[in-house]
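In what follows, a structure is listed as structure tokens, so that the remarks can point back to it.
The values are calculated or read from the model by the stated rules, or taken from the named source; none is laboratory data. None of these values were measured; they are calculated from a predicted model. Here Cβ is always computed from backbone atoms with ideal geometry, including for glycine, and neighbour counts include all displayed protein chains.
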Protein chains: 2
Amino acid sequence: MTKDELFQTIQQKKSYLCIGLDSDMEQIPGHLQSKVDPAFYFNKAIVDLTHDVCVGYKINTAFYEVQGNKGWRSLEKTAGYIREKYPENFLIADVKRSDIGNTARQYAETFFSRLDFDAVTLSPYMGKDSVEPFLAYKGKWSILLGLTSNPGANDFQLTATDQPEEYLFERVIKTASQWGTTENMMFVAGATQTHYLEGIRQIIPDHFLLVPGIGAQGGNLQELSRAGLNQQGGLLVNASRSIIFSDPSKSFDVTARDQAMKINKQMERLLSEKKLLANP
Amino acid sequence: MTKDELFQTIQQKKSYLCIGLDSDMEQIPGHLQSKVDPAFYFNKAIVDLTHDVCVGYKINTAFYEVQGNKGWRSLEKTAGYIREKYPENFLIADVKRSDIGNTARQYAETFFSRLDFDAVTLSPYMGKDSVEPFLAYKGKWSILLGLTSNPGANDFQLTATDQPEEYLFERVIKTASQWGTTENMMFVAGATQTHYLEGIRQIIPDHFLLVPGIGAQGGNLQELSRAGLNQQGGLLVNASRSIIFSDPSKSFDVTARDQAMKINKQMERLLSEKKLLANP
């Protein structure tokens, strides 16, 4: 998917919401547990009722790997289902991998060729050659961790480098943004760190940012959007638990849609405020 | 496995070699490709002929994920086989993951509880709360990336912090070593970076180091061992491709054993030189 196509989807749907399918088996409603593949069944229900009220889905592999090879099957089926039925949705494999070239090539093949995700999340710690194999895929995206939403962001990302007034996450973004283009790289910028978003936008005005941390983690949508939106949208804001697990009853999917629509109302207003809607 | 037990294994086997089961399907000998589960068959043959000439195995998940849920089955079977038949071998899941707490807990359950690995490799970029869920498992190990063996190590790991004469990887090791103990944490120190090993040993004299990069990546065993061995061994040196893929014929497993034994001869001499053998 190109950057233009992604922006068009944002304009059409008046939303930059990405829904995280962190489909923890212990939190999937009880009445689904007897299904042959509860995780897929759950995801399918959520996706069928939300595909038109979000612009993408983020699948966190941890919640599937924990179910072993069955979990991988659920992940493959979910990705395949979204790809086939709702191809306009941007599909992110949230894997936060990083490894040397020959290993990175395997991961790239897995998530880009075999499973046909649009994007993967990557940890930048191992540097350029751990990211390059992903950048070689045309139309696919590498989303590098910049500043994350968790308390541990303080341990290294927010430590000072030897350059005046520079945090490590800023050096990472400055350096890594040179490895690719605004057409194949994005950065993770945590929603709990809104006050740093303006600084990030000065370094990379034109890149898309993936912002996790609203909902369960407490980030503020209005603040982060005002700081993060650019002239092509430039934001994907992810919510996982607060959408998919807000209702343990049989109407979990209807409630998920309601939750997404609530966020979208805010997003439409924020897009309009920035004059980003084609037909306001 | 405790640190004492690991050292005893090193003394008994006169080796600190870890064999990397990077079982790339494209490199598995042709005559195995018709088996029901070629990767498992290949691994089993390698393990059956090398379990007594190494102290551990490192399974890189990338080479299994690329085969989808079948690959996960091969990974599970391989880990289960080593656990059951050769439990004295230290079993590492080379996953280089990092994520927020609720996700990290899933990964820890996957690799420590379900698959019963002794250790996982982790990227430190997301800080303490991305590592803590792993440290909660008694007798299990977190192996954090410190200084890696690839060219990309120069991009961030070898950049200067705001402290005099301090590289980022040194700050990572100083800080992260405080999160756990020498009984539940190790660090990755690349074999191609031997000249930094002495510095690492000054920061963490007592921690075990996992050293990848000999063999295909060209690291020098003698140099790295002289700098890295401590009074409890303190080193696990990994070789993957140079052992498991050195012979594409039907005798690939015999050749793998020969390759491991060649490395062990050097290791025995180096252990003896440091007076680390119980029965020299």
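A few points about this structure:
- Hey, A:Asn69 under 24 Å from B:Asp155 (Cβ atoms), modelled with pLDDT under 95 and either touching a Leu at 6+ places or on another chain (Cβ under 8 Å) or not in a loop (DSSP other than H, G, I, E, B) (or both) or not: no
- Any hit, the range A:203-215, residues being surrounded by fewer than 22 Cβ atoms within 10 Å (Cβ to Cβ), at pLDDT 95 or above and of a type outside the set (A, V, I, L, M, F, W, C): yes
- Any hit, the range B:22-31, residues being assigned to a helix (DSSP H, G or I) and over 30 Å from A:Thr121 (Cα atoms): yes
- Unique residue being farther than 30 Å from B:Leu270 by Cα and β-branched (Val, Ile, Thr) when the list is B:Ile28, B:Ile10: B:Ile28
- The residues of the range A:251-280 that are surrounded by 14 or more Cβ atoms within 10 Å (Cβ to Cβ), among the polar types (S, T, N, Q) and without any contact (Cβ under 8 Å) to a residue 60 or more places away in the chain, listed by number, are A:Thr255, A:Gln259, A:Gln266.
- Considering residues of the range B:2-18 that are assigned to a loop (DSSP other than H, G, I, E, B) and at negative phi only, the residue surrounded by the most Cβ atoms within 10 Å (Cβ to Cβ): B:Tyr16
- Comparison of B:Asp155, B:Asp129 shows that the only residue that is surrounded by fewer than 22 Cβ atoms within 10 Å (Cβ to Cβ) and facing another protein chain (nearest Cβ under 9 Å) is B:Asp129.
- Residue count, the range A:93-123 (criterion: more than 22 Å from A:Ser149 (Cβ to Cβ), surrounded by 23 or more Cβ atoms within 10 Å (Cβ to Cβ) and charged (D, E, K, R)): 1
- Hey, B:Lys128 of a type in the set (Lys, Arg) and under 25 Å from B:Cys54 (Cβ atoms) or not: no
- Residue check for B:Gly68: on the phi > 0 side of the Ramachandran plot, of a type outside the set (Lys, Arg), out of contact with any strand residue (DSSP E or B) (no Cβ under 7 Å at 6 or more places or on another chain) and within 14 Å of chain A (Cβ to nearest Cβ): yes
- Scanning the range B:86-126 for residues that are part of a loop (DSSP other than H, G, I, E, B) and facing another protein chain (nearest Cβ under 9 Å) yields B:Ser98, B:Asp99, B:Ile100, B:Leu115, B:Ser123, B:Pro124, B:Tyr125, B:Met126.
- Among (1) more than 8 Å from chain A (Cβ to nearest Cβ); (2) outside any loop (DSSP other than H, G, I, E, B); (3) touching a residue at least 24 places away in the same chain (Cβ under 8 Å), the one test that B:Val53 misses: (2)
- Output for the range A:56-65, where each listed residue is at the interface with another protein chain (Cβ under 8 Å from one of its Cβ atoms) and either out of contact with any Phe, Trp or Tyr (no Cβ under 9 Å at 6 or more places or on another chain) or not in a helix (DSSP H, G or I) (or both): A:Asn60, A:Phe63
- For B:Gln193, the conditions (1) in contact (Cβ under 8 Å) with a residue 40 or more places away in the chain; (2) in contact with a Gly (Cβ under 7 Å, 6 or more places away or on another chain) all hold with the exception of (2).
- Every condition in (1) touching a Ser or Thr at 6+ places or on another chain (Cβ under 9 Å); (2) farther than 15 Å from B:Val188 by Cα holds for B:Val211 except the one numbered (2).
- Residue in the range A:172-183 that is nearest to A:Lys3 (Cα to Cα), counting only those that are surrounded by fewer than 21 Cβ atoms within 10 Å (Cβ to Cβ) and of a type outside the set (Val, Ile, Thr): A:Glu183
- Which listed residue, of B:Pro205, B:Pro133, B:Pro124, B:Pro151, is free of Cβ contacts under 8 Å to residues at least 24 places away in the same chain and of a type outside the set (Ser, Thr, Tyr): B:Pro151
- Taking the range B:127-155 as the range and being in contact with a strand residue (DSSP E or B) (Cβ under 8 Å, 6 or more places away or on another chain), under 21 Å from B:Thr192 (Cβ atoms) and part of a helix (DSSP H, G or I) as the test, only B:Ala153 passes.
- Inclusion of B:Ala108 among residues that are small (Gly, Ala, Ser), within 27 Å of A:Met126 (Cβ to Cβ) and at pLDDT 95 or above is warranted.
- Among the candidates A:Leu168, A:Leu147, the residue that is modelled with pLDDT of 95 or more, more than 8 Å from chain B (Cβ to nearest Cβ) and either crowded, with 17+ Cβ neighbours inside 10 Å or closer than 25 Å to B:Glu165 by Cβ (or both) is uniquely A:Leu147.
- The set of residues in the range B:171-195 being within 12 Å of another protein chain (Cβ to nearest Cβ), over 29 Å from A:Asn102 (Cα atoms) and either touching a Cys at 6+ places or on another chain (Cβ under 6 Å) or among the charged types (D, E, K, R) (or both) consists of B:Lys174 alone.
- Selection from the range B:223-257 of residues that are of a type in the set (Gly, Ala, Ser) and in a loop (DSSP other than H, G, I, E, B): B:Gly234, B:Ser240, B:Ser246, B:Ser249, B:Ser251
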